[in-house]
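Everything below concerns the one structure shown next.
The values are calculated or read from the model by the stated rules, or taken from the named source; none is laboratory data. Source: prediction; values computed, not measured. No Cβ is skipped: glycine too gets one built from the backbone with ideal geometry, and neighbour counts run over all protein chains shown. Remember, those area values only see protein heavy atoms, side chains included, never the ligands or the DNA or RNA. Shrake-Rupley method; radii C 1.70, N 1.55, O 1.52, S 1.80 Å.
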Amino acid sequence: MKTDDDEKEIEASKAPLMTHLIELRSRLIKALLAFFIAAVVCFFFAKPIYNILVWPYVWIAGVENSKFIYTALLEYFVTQLKLSLFGAAFFAFPVIATQIYLFVAPGLYRHERGAFLPYLVATPFFFLLGSAMVYFAVMPMLVRFSLGMQQAAGDGSPEIALLPKVGEYLSLMMSLILAFGVAFQLPVILTLLGRIGIVTSKMLKEKRRYFIVIAFVIAAVLTPPDVLSQMSLAIPLLVLYEGSIWSVRIVEGKAAKAKADKTKADEAAKAEEAAKAAASSASANPAE
């Protein structure tokens, strides 16, 4: 609901197009500078960061059985470059998100800014939740399954051992983190759609059986082509969908309460105006 204060605030924030372009350039420069600084820092700490990323493998295989290889001269160097860019996207996100918000906020009403902030906080939270799912559950499970496929030499059979390449391991880890991080935004997206009235909790309940199919399709597209990775993403998606129904129901309840309070306030204002009008009429025409 727009108020007079909101209208005045929007009017005060109006500026010529050139001013907006200058501010946009300033925000972009700050965001890119934060990304560049984070990338440089991550490059200097690329080896420790990589050692952190391989912890799920070491945890399952054991330190004595953990060996990573690279078969090209610059493969490990290129891997460190990729890792620095990937890490920069993580560490610079708060600055980038803040710059986006500061650019968009002047064009929003006060109540819209208040509604926007929770989603700005929830987005990185659910992304980190998806990343933690990969780090502590999915990767250890994949490593355990892959190590179980090894074959010892004997009886005329050759030894088949798992020797992960540094570049391929990082690519798998990045793709899984990105897939799970994006997929875990489902509650944020559905709650936002519910807030603006595009979806309802009743609609989500009715479409549940269709989403089960959609969840497995999403998992098949976003994860590597193995059943374990796909199930690891599809099942959490189904859980998040159920949570989204509950979240949308809460948003609907708050909206209904706000609408009821507004209706009650409008009726009280009308009754007060009618009482004032009656009192004014009575004072203007006193009984003789």
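Spin-label pair PHE103-GLU23: with each label point 7 Å from Cα along the Cα-Cβ axis, the two points sit 1.1 nm from one another.
Within the listed set SER146, SER131, SER201, the residue fluctuating most in the Gaussian network model of the chain (springs between alpha-carbon atoms under 10 angstrom) is SER146. When the P(r) of segment 132-286 is calculated, the portion above 23 Å amounts to 60% of the C-alpha pairs. Highest mean packing comes first when the peptides 228-237, 52-61, 72-81 are listed by Cβ atoms within 10 Å, giving 228-237, 52-61, 72-81. Extension gain for the segment VAL213 to LEU120, taken as residue separation times 0.36 nm less the Cα-Cα distance, is 30.6 nm to one decimal. What a 1.4 Å probe finds exposed on the chain is 70% carbon and sulfur by accessible area, rounded to a whole percent. From the alpha carbon centroid of segment 212-288 to that of segment 96-166 is 30 Å.
For the residue pairs LYS205/LYS254; LYS207/LYS264; LYS202/LYS254, alpha carbon separations beyond 24 Å are given by LYS207/LYS264. As a calculated quantity, the FRET efficiency between LEU129 and ILE160 at R0 = 35 Å, using C-beta atoms, amounts to about 0.45. Debye-formula intensities of the chain, expressed as log10 I(q)/I(0) at q = 0.10 Å⁻¹, are -0.77 (one equal scatterer per alpha-carbon, no solvent). Computed over protein heavy atoms with a 1.4 Å probe, the accessible surface of the chain works out to 64 Å² per residue. Distant-in-sequence amide contacts of LYS165, defined by a placed amide H-H separation under 5 Å and a gap of 5 or more residues or a different chain, comprise ILE69.
With the gyration tensor restricted to C-alpha atoms of segment 190-269, the semi-axes of the equivalent ellipsoid amount to 37, 10, 9 Å, longest first.
The charge dipole of segment 162-288, taken about the Cα centre with unit charges on the Cβ atoms of Lys, Arg (+1) and Asp, Glu (-1), comes to about 260 debye, rounded to the nearest 20. Secondary-structure-derived ellipticity at 222 nm for the chain, considering helices only, amounts to -26000 deg cm²/dmol, per-run term -39500 (n - 2.57) for DSSP H runs with n ≥ 4. When the chain is modelled as a GNM with alpha-carbon springs shorter than 10 Å, which of THR263, THR200, THR191 fluctuates the most? Of THR263, THR200, THR191, the most mobile in the Gaussian network model is THR263.
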